[in-house]
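Data first, discussion second: the structure below is written as structure tokens.
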Amino acid sequence: MDEYLDLEQPIVYQALSNMCEKLQVPHALIFYGDKSTSKLEMALHLVKLIYSKELNIRVDDEILNKRVDDNSLTNLFIIEPVGSAIKKAQISEIILEASKSSLEDGPKFFIFKDADRLNDSSSNSLLKFIEEPENDIYIILLVDNPESMLQTIKSRCAILSFKPLSKDVVKRMK
């Protein structure tokens, strides 16, 4: 899938590549766009970029890619809503996990799918987590509608907009 990301979202792809090259990846990012865009795939691509470029961790790229793609990297956490919302208890678990020592080298990544479905108490807990990050923690919020998120969360994140796929891009991907 990674080979199509630069075709699907060239601006976002290039922005993330530049951040990694300059070793200036923000610890908190918001990826927003409609459901047809590849926000999760781009977030996973960023995990791979950071591991392979920014940190120079000595790991085989093929093995790393497979571990990220099948979610077996122990430092990668993908959080999804339970029912209709991401609950405060889920955020509390993530904060606890962030404070623990890692089993392997490298940063920890917390990718929140449908982060625009945070309830009020989970939003406030997440805000505190974003404001007081541990070292080597990256938080990526995937949202369809950033307007539904707390302004204070948005103001503490780098925001990248995903454009709807054009018919030309869809044709080239087939």
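Matching residues to (1) touching a helix residue (DSSP H, G or I) at 6+ places or on another chain (Cβ under 8 Å); (2) at pLDDT below 85:
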site	(1), (2)
Glu8	yes, yes
Val12	yes, no
Leu16	yes, no
Tyr32	yes, no
Leu46	yes, no
Leu55	no, yes
Arg58	no, yes
Asp61	yes, yes
Lys66	no, yes
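Filter segment 18-30 for residues that are open to solvent by 60 Å² or more (accessible area, probe 1.4 Å) and part of a helix (DSSP H, G or I); which is modelled with the lowest pLDDT?
Only one residue tops the list, namely Glu21.
Could we say that Lys48 is touching a strand residue (DSSP E or B) at 6+ places or on another chain (Cβ under 8 Å), of a type in the set (Lys, Arg) and surrounded by 13 or more Cβ atoms within 10 Å (Cβ to Cβ) here? Show your work before the answer.
Working: touching a strand residue (DSSP E or B) at 6+ places or on another chain (Cβ under 8 Å): no; of a type in the set (Lys, Arg): yes; surrounded by 13 or more Cβ atoms within 10 Å (Cβ to Cβ): yes.
It is false that Lys48 is touching a strand residue (DSSP E or B) at 6+ places or on another chain (Cβ under 8 Å), of a type in the set (Lys, Arg) and surrounded by 13 or more Cβ atoms within 10 Å (Cβ to Cβ).
A quick yes/no check of all residues on (1) closer than 23 Å to Glu132 by Cβ; (2) of a type outside the set (Ser, Thr, Tyr):
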| residue | (1), (2) |
| --- | --- |
| Tyr32 | no, no |
| Met42 | no, yes |
| Leu46 | yes, yes |
| Asn65 | no, yes |
| Asp70 | no, yes |
| Leu73 | no, yes |
| Gln90 | yes, yes |
| Gly106 | yes, yes |
| Leu118 | yes, yes |
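In this structure, is Lys113 in contact (Cβ under 8 Å) with a residue 24 or more places away in the chain and open to solvent by 70 Å² or more (accessible area, probe 1.4 Å)? Break it down into steps so the answer makes sense when it comes.
Details: in contact (Cβ under 8 Å) with a residue 24 or more places away in the chain: yes; open to solvent by 70 Å² or more (accessible area, probe 1.4 Å): no.
For Lys113, the condition - in contact (Cβ under 8 Å) with a residue 24 or more places away in the chain and open to solvent by 70 Å² or more (accessible area, probe 1.4 Å) - is not met.
Show the residue pairs that are 6+ apart or on different chains and have beta-carbon atoms under 7 Å apart, the first residue being within segment 8-35 and of a type in the set (Asp, Glu), the second being outside any helix (DSSP H, G or I).
If the second residue must be outside any helix (DSSP H, G or I), the pairs left are Glu8/Ser38; Glu8/Leu165; Asp34/Asp144; Asp34/Pro164.
Would you mind finding the one in Glu97, Glu134, Glu104 that is of a type in the set (D, E, K, R), open to solvent by 20 Å² or more (accessible area, probe 1.4 Å) and part of a helix (DSSP H, G or I)? Steps first, answer last, please.
Working: Glu134 fails: part of a helix (DSSP H, G or I); Glu104 fails: part of a helix (DSSP H, G or I).
Exactly one residue qualifies, and that residue is Glu97.
Quick one: would you say Ser72 is in a loop (DSSP other than H, G, I, E, B), open to solvent by 20 Å² or more (accessible area, probe 1.4 Å), of a type outside the set (A, V, I, L, M, F, W, C) and modelled with pLDDT of 80 or more?
Details: in a loop (DSSP other than H, G, I, E, B): yes; open to solvent by 20 Å² or more (accessible area, probe 1.4 Å): yes; of a type outside the set (A, V, I, L, M, F, W, C): yes; modelled with pLDDT of 80 or more: no.
Judged against the criteria, Ser72 is not a match.
The values are calculated or read from the model by the stated rules, or taken from the named source; none is laboratory data. As the structure is a prediction and not an experimental result, all values here were calculated from the model. Cβ atoms come from the backbone with ideal geometry, glycine included; neighbour counts cover every protein chain shown. When the accessible area is computed, the model is the full protein with side chains, heavy atoms only, and any ligands, DNA or RNA have been set aside. Shrake-Rupley method; radii C 1.70, N 1.55, O 1.52, S 1.80 Å.
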